[in-house]
Each structure stands twice: as C-alpha cells, then as structure tokens.
Amino acid sequence: MADGVLEVLISRINYWVYIALMMIGLYGIIIKNNIMKKIIGLSILQTAVILFFVSIGAKRDATIPIIDHTNASAHTEISATNFINPLPHVLMLTAIVVAVATLGVALSMVIKIYREYNTLEEDEILPQLREDK
Amino acid sequence: MLAIFLGGLLIYCSFEFPLWGDPHAPASTHVSPYYIENTLKDTSVPNIVTAVLADYRGYDTLFETVVIFTAGIACIFLLRTYKTVEPDIRLYRHIPTGITLRIEKGGKFPEGSRHFERLDTAWVPYDLIVKTTCRLVIPFIQIFALYVIAHGHYSPGGGFQGGVIMGASLVLFAIAFNLRSAIRRMGERLIMLLAALGVCIYAGIGTLCMLLDKNYLDYSAFANILAFDPASARSHGILMVEIGVGIVVMAVMVILYYVLASAGKHDEGL
Amino acid sequence: MSWQIELIILAIVIICGVSALSVKDLLSAAILFGAYSFMMCLLWAIMGAVDVAFTEASVGAGVSTVLFVAAVYQTSRRTKD
C-alpha cells in the first residue's frame, strides 16, 4: 500500500509542480492590489499553461522534431516513435505570441489608468470610481 | 481560497494523466504520426514544427498574424495623442565640452549642428561606450534575424523568432540613442505600413493559390506556374509566408515600444 | 542526469515566480519576470521543444521585459503591496 502511494507520488510530481505554478499565477491575479502585479500574475499563468502543454508532448528516448537531412536520403528510419510529438509545439508557438500581444495592450491600459487616477493601487482606484459615478 | 480549491481539483484530475514520456499517450497517437512521417515527403522541409505551422495549419497562423496586428493597432488607439504643444524650454548639450545649454522660447535653436545634441527632460548622461557598442552590434543582430527567418526550414526558428529579433534590434537602437533619432530613421507611418503589408502578403499568397485553381493556402498551386514539383513548391510557399509573418511581428514590436516608451506623445523616451 | 537539472530549474522557476509577485519595487519585479522567462526557456529546451524555447527566449526575455520596464518608467515605481 505504501509502495503504491510512493510510486504514484513520484510519477505524478511534475504535474503537481506545474499545477502549483498555475495556482501561484492565479493567486497573483486575484489577491494582489497593484495592477502591475496582476499583469505579472497573468503572465505567469500563461507561461505555466504553456509549460504544461509542452510537457505532454515529451517522449522517452526521443529526439527533437527536426529530421536530419543526411538521414533522409535513406528514407527508411522515420518512425513516429523516434521523434517528439510536434503538435503541442505548434499550438504553443501561437500561444506565446498571443501572450506578448496581450501584454502590450494590457500595459497600454495601465498607463492610461495611471494618467486618469494617478495611482496604481486598486484599493485607491475603486473609491474614486464610486465617487465618479 | 479559490486557488486552493482549484489546485485540489486539478490534482485530483492529475491521476488520470498519462505517464511522462509515454509514446502511447493520446496526444501522440492520432494525427502527429502522420505529420512526422509525411513531412519530408510532402513538403521537403526537415523542420516538422515549421512545416505544420505554416503548411498543414496555415489558416491558424493567418489569424494569429491578424491578432498580433490588431494588438498593435489597439495600442495605438489607446495611447497615441496628437496634440503638438511645443515645450517652452529646450535643452541642448554641447558635445565637445559636455555643457548643457538651456534655450528659452524665442531664442535660436542650433538644429542639425554636429556639436549640439538635443536632450529630453529626463537627464541622460552622455555615454560613448553604449553608443559605439550598439552601433557595431546592431547590423549583426539584423543579419542574424534574417538568417533565422531564412533557415526556418532546417533549424529551429522561422518567421516569428526572426521577426521578434529584428524588432528587438530596432528597439535597441531606440534605447541606446534617443527616441527622436529612432523615429527619424524608421518613421511612424512606415512602420504601420509595414505591419499592414505583412498581413497582406500572407493573405495574398493564399488568394494567389486560390486564383490558380486550388484550395485556399494550398501551396502546391505554385507547381503549375513555375517548373517545380509539388514538394518544393510547398517549401517555397512556406518561405514566403514566413517572410510575411516576420515583417508583421517586427513592425508590431516596434510600434509597441514607440507607444509605450513615450506614453503616446512620441517626443521623449528612455 | 537530466531529472536533477530539471528539478533544480523547476525550483528556481517557482522561487522567481513567487518573488516577482511579492517584492515592493516594480522595477525589480520586471527584472525577476525576465529571469523567470529565461528559466522557462531552459526547461523547454530540456524537454526537447527547441522552437518553443527559441520563441520564449526572444520574446519573453527580450521584448517583454523591455515593455515592462518602459511601462514602469511611465507610471510609479514603488508599490505598497
């Protein structure tokens, strides 16, 4: 019984670390008062999700998904179990670039908020919002 | 509280996950063996990730390019202000001696002279080392960026990475020298035009394939007009599309820096 | 051999992530975020995702940190939280 638990623990621990990283990002978004910290938390969450997806595609004893050109003249050794699964890499490439685009727009909004309310702490902005209404 | 609950939920789900490195995991068994085995035959591009990104899933990449372009436009809309109010005081620095002049309104401005350099109100010291180093290094960075775009077929790289590196070299130029001289070299209108041009290149190649009597973004249509076989026609199609993507990404990085560094007013910077 | 390196880099990643959210100086938070990005890039390179690692190195540690620092320069630098 103890053996089974230990083996399960060791084989799944990398997933738990990725989940812990995602939860750190989520905590940063919800709990922190400063808007820049919220944006950093959002970015941490994004990269942790990308890490999780990429880790799904890893294979044991397999090489990177670039076919060696000198090997290709043989044309017989391309088998799918020699190469790492390239499909998560493709989707995560799109995800990273979208992440940097949203970061740019978020930072522009932060500058505009600062210009309007002259502070970045949320507990000072919310009373001002209620007064403006 | 919510985070702990969600974490617990995900940990419970993690017992269903496949083991690390399993070749029979469901993510690796349905479509990706087809991609791995047939990329070299269909497209003659050794880098599987680039081939899947720009050829098998090219429609996805087209809309991702549109998303980046939209983000650049959104930044411009949010922050850019066009009121040109001349400040009353301009600061100039006399380069040979290091004295800073302060010229009030109504005086004569030494424009375009070799000995005077215009300063912003953020007081930046005159550092020769940074300027000379950047002047030496920036052309090599740009050549490396072009190499990364062109060798996306054979090594990790491709359109995005090369475009970001190229944009980063222009941002480096804007940081080392002041923002005004960067805008003088690479004007604002030119950058916005380049961004639109990149998206049009990508969509234009797709339309060109459709006009040549095949499906949208099916690059083997090029085999008809020039004397290629379909595999290398697809390889050249991927190259052209990557160039388009690289141009858009470079332009958007530069736009983001110009807008953020001056809060929309384009006259001062870091 | 590779799982020891992975464990160390994962530990550094978590430390960088937690400290980027809790320092009081926003400029330090931006630089720590750049370090976090670099460590993620190393993790992906170990797992074999070289394209993703290349993109994250150029985007996260190059452009993203610069944009953060530019935004911090335009707004305030200290924070109470």
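The values are calculated or read from the model by the stated rules, or taken from the named source; none is laboratory data. It should be emphasised that the depicted structure is a prediction, and the values quoted were computed from it without experimental measurement. Virtual Cβ from ideal backbone geometry, glycine too; neighbours counted across all protein chains shown.
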Original post:
Say we look at the stretch A:35-57 and pick out the residues that are facing another protein chain (nearest Cβ under 7 Å) and surrounded by fewer than 22 Cβ atoms within 10 Å (Cβ to Cβ); which of these is modelled with the lowest pLDDT?
Top reply: A:Ile56
Subject >> Condition check for C:Phe33: modelled with pLDDT of 90 or more and either in contact with a Phe, Trp or Tyr (Cβ under 9 Å, 6 or more places away or on another chain) or of a type in the set (D, E, K, R) (or both) >> reply: yes
Original post:
Taking the condition within 14 Å of chain C (Cβ to nearest Cβ) and under 18 Å from C:Val63 (Cα atoms), does B:Ala174 pass?
Top reply: yes
**OP:** Hey, can you tell me all the residues within the stretch C:39-81 that are touching a residue at least 24 places away in the same chain (Cβ under 8 Å) and within 15 Å of the chain's Cα centre (by Cα)?
**Re:** C:Met39, C:Met40, C:Leu42, C:Leu43, C:Gly60, C:Ala61, C:Ser64, C:Thr65, C:Phe68, C:Val69
**OP:** Grab the helices (runs of 4 or more DSSP H) fully contained in the stretch B:111-203, keeping just those with 2 or more residues being in contact with a Leu (Cβ under 8 Å, 6 or more places away or on another chain) and modelled with pLDDT of 80 or more.
**Re:** B:128-150, B:159-176
Original post:
So which residues in the stretch C:22-37 are over 22 Å from C:Ile8 (Cα atoms) and either in contact (Cβ under 8 Å) with a residue 40 or more places away in the chain or facing chain A (nearest Cβ under 9 Å) (or both)?
Top reply: C:Lys24, C:Asp25, C:Leu26, C:Leu27, C:Ala30
Original post:
What pairs come up if the first residue lies in the stretch B:42-71 and is under 17 Å from A:Val98 (Cβ atoms), the second is among the aliphatic types (A, V, I, L, M) and surrounded by fewer than 20 Cβ atoms within 10 Å (Cβ to Cβ), and their beta carbons are under 7 Å apart, counting only those six or more places apart or on different chains?
Top reply: B:Leu62/B:Ala203; B:Glu64/A:Val98; B:Val67/A:Val98; B:Ala71/A:Val105
**OP:** Please enumerate the residues belonging to the stretch C:38-73 that are at the interface with another protein chain (Cβ under 7 Å from one of its Cβ atoms), within 28 Å of B:Asn47 (Cα to Cα) and not aliphatic (A, V, I, L, M).
**Re:** C:Trp44, C:Gly48, C:Asp51, C:Phe54, C:Thr55, C:Glu56, C:Ser58, C:Gly62, C:Ser64
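The rows are residues; the columns are (1) at the interface with chain A (Cβ under 7 Å from one of its Cβ atoms); (2) modelled with pLDDT of 65 or more.
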{"residue": "B:Phe5", "(1), (2)": "no, yes"}
{"residue": "B:Tyr12", "(1), (2)": "no, no"}
{"residue": "B:Glu16", "(1), (2)": "no, no"}
{"residue": "B:Leu19", "(1), (2)": "yes, no"}
{"residue": "B:Asp55", "(1), (2)": "no, yes"}
{"residue": "B:Leu62", "(1), (2)": "no, yes"}
{"residue": "B:Val67", "(1), (2)": "yes, yes"}
{"residue": "B:Gly72", "(1), (2)": "no, yes"}
**OP:** Could you please let me know if B:Asp229 is modelled with pLDDT under 65 and either surrounded by fewer than 21 Cβ atoms within 10 Å (Cβ to Cβ) or hydrophobic (A, V, I, L, M, F, W, C) (or both)?
**Re:** no
**OP:** Considering each residue of the stretch A:12-68, count those that are under 30 Å from B:His153 (Cβ atoms) and not hydrophobic (A, V, I, L, M, F, W, C), and give that number.
**Re:** 10
